[in-house]
Amino acid sequence: MSPDTILAKKGRPRFRRTRAFWERVTEGFELQQLWGQFVSEAKASYGLYSKDVDWEQIGHEPSRFKRGMRSIWAMFMAMLLKLSPPRRVLLLLAIALLLMNVEIQGSHGGGFSIHTSAFGVIILFILLALELADRITMKRDLEIAREIQQWLVPDRPPVVPGVDIAFATRPQNTVAGDYFDAFLRPRPPRDCVESPLVIAVADVAGKSVPAALLMATFQASLSVLTTTPSTLDEIVTGLDRYCRAHSLGGRRFTTAFLAEVNPVSREMVYVNAGHNNPILRRASGKIERPGIGGPPFGLPLFTDDEVPYPSGRFKLEPGDLLVIFTDGVVEAVDDADQEYGEERLLPLIQNAPLESAGETLNRVMGDVNAFVGYARQHDDITCFVLRMVA
């Protein structure tokens, strides 16, 4: 056996360990994917800090050099003030030790020497560990909140003869402010014999935990109201009244598309409360946009009268396709901050082949995901697809 072969065999375990370590660190992502995610996260972080910078005042500086130095200082202060006071002091101390870089000799000039920059690095590492601990704790809490939130939305569509349903959501953060549901009413309204199929897609203004909490209360209100013999109009009025009482003066309003489908006549009664108009593609290829309704739920009133929410109705025929979505779909952005827009969504629905609701949903969500790439989104993305079958 040649010396090269022996060295190669000895090096294999070390290579395997190095490769296993690299795969553990990168979680199997390619370099291009890692770079894409890093750029997306860097842009999001820059946006977070730059909101605290008075760029207009910096723009008044006479020279480019002064504007640059003021910008650097303003961004540094924006990051520094995001830390707690003790950590701000530690960060300033670490930077001072790094800049000083003074060599410290052992007593009487013997034994050892160390630079102050080493202490600066140690302090920075301690700060990183503290921030990571906070992040992990918060992430664990958000994961619990996400698990609870998932209990509030269906994990699979209901089985209704003649109706094919599919839905999917992509939260902007760990928890979302979007709500979707489809269920047979446990008790039919007073003007019906059969229990109708309830369809609900809603979007609470805002994002993350505050929006998720209000989404949970909206779901609870809808669940309670649908157990009564109330009509859809009465349910809508009750939801608006509840949202108005908990909207923080209108800052946390809710858009929603609510509908009931009669399983026998296949007639749909709906109310659009300030939501994106769904796309109804008839079997003939004709596009309709159900938009009858009123303003979002929870807007403040300037009179004692209730907000009127007129309802619309139409009949669903075999082959009809209804796509309901939140504004996060059409307002999804790519790395260049360009929006996906209805001009991309409409052709997908218009040209959808005769396929299941799940296949249509996968095509829509796949197209949106391909468009946005690694860009961090500003809103939750939710899509609900209903197809009438023979």
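Kindly evaluate Ala96 against the criterion of being crowded, with 16+ Cβ neighbours inside 10 Å, touching a residue at least 12 places away in the same chain (Cβ under 8 Å) and among the aliphatic types (A, V, I, L, M).
no
Just give me the residues in segment 300-326 being touching a strand residue (DSSP E or B) at 6+ places or on another chain (Cβ under 8 Å) and either modelled with pLDDT under 90 or of a type in the set (S, T, N, Q) (or both), in sequence order.
Once the filter is applied, which keeps residues that are touching a strand residue (DSSP E or B) at 6+ places or on another chain (Cβ under 8 Å) and either modelled with pLDDT under 90 or of a type in the set (S, T, N, Q) (or both), segment 300-326 yields Val307, Pro308, Ser311, Thr326.
Give segment 362-390 a look and list any residue that's assigned to a helix (DSSP H, G or I) and open to solvent by 10 Å² or more (accessible area, probe 1.4 Å), or say none.
Hits for segment 362-390 are Asn362, Arg363, Met365, Gly366, Asp367, Asn369, Ala370, Phe371.
Kindly evaluate Ala352 against the criterion of being more than 24 Å from Asn262 (Cβ to Cβ), among the hydrophobic types (A, V, I, L, M, F, W, C) and in contact (Cβ under 8 Å) with a residue 12 or more places away in the chain.
Yes; evaluated as a whole, the condition is true for this residue.
Scanning for something more than 30 Å from Thr217 (Cα to Cα), modelled with pLDDT of 80 or more and open to solvent by 40 Å² or more (accessible area, probe 1.4 Å), does segment 142-162 turn up at least one residue?
Yes, the conditions are met somewhere in segment 142-162.
What is the residue count in segment 199-211 for residues that are within 17 Å of Val153 (Cβ to Cβ) and part of a helix (DSSP H, G or I)?
Total satisfying the criteria: 3.
Report yes if Leu213 is more than 21 Å from Ile148 (Cα to Cα) and hydrophobic (A, V, I, L, M, F, W, C), otherwise no.
Taking the combined requirement at face value, the residue does not satisfy it.
Of the conditions (1) hydrophobic (A, V, I, L, M, F, W, C); (2) in a helix (DSSP H, G or I); (3) modelled with pLDDT of 95 or more, Leu346 clears all except one; give me its number.
Among (1) hydrophobic (A, V, I, L, M, F, W, C); (2) in a helix (DSSP H, G or I); (3) modelled with pLDDT of 95 or more, Leu346 violates only (3).
Just one of the numbered conditions (1) part of a helix (DSSP H, G or I); (2) open to solvent by less than 100 Å² (accessible area, probe 1.4 Å); (3) modelled with pLDDT of 80 or more is not true of Asp52; which one?
(1)
For the structure I just gave you, tell me whether Leu214 is modelled with pLDDT of 90 or more and either assigned to a helix (DSSP H, G or I) or on the phi > 0 side of the Ramachandran plot (or both).
No, not satisfied.
Right, Thr174: at pLDDT 85 or above and either open to solvent by less than 70 Å² (accessible area, probe 1.4 Å) or not hydroxyl-bearing (Ser, Thr, Tyr) (or both) or not?
So Thr174 fails the test.
Taking segment 40-88 as the search range and keeping residues that are basic (Lys, Arg) and under 20 Å from Leu130 (Cα atoms), which one is nearest to the chain's Cα centre (by Cα)?
The extreme case among them is Lys82.
In the list Thr227, Thr231, which residue meets the criterion of being surrounded by fewer than 17 Cβ atoms within 10 Å (Cβ to Cβ) and within 12 Å of Leu258 (Cβ to Cβ)?
Thr231
The values are calculated or read from the model by the stated rules, or taken from the named source; none is laboratory data. Treat the numbers as computed from the prediction; the structure is a model and nothing was measured. Note that each Cβ is placed from the backbone with ideal geometry, even for glycine, and that neighbours are counted across all protein chains shown. Protein only, heavy atoms only, side chains kept; ligands, DNA and RNA dropped before computing areas. Shrake-Rupley method; radii C 1.70, N 1.55, O 1.52, S 1.80 Å.
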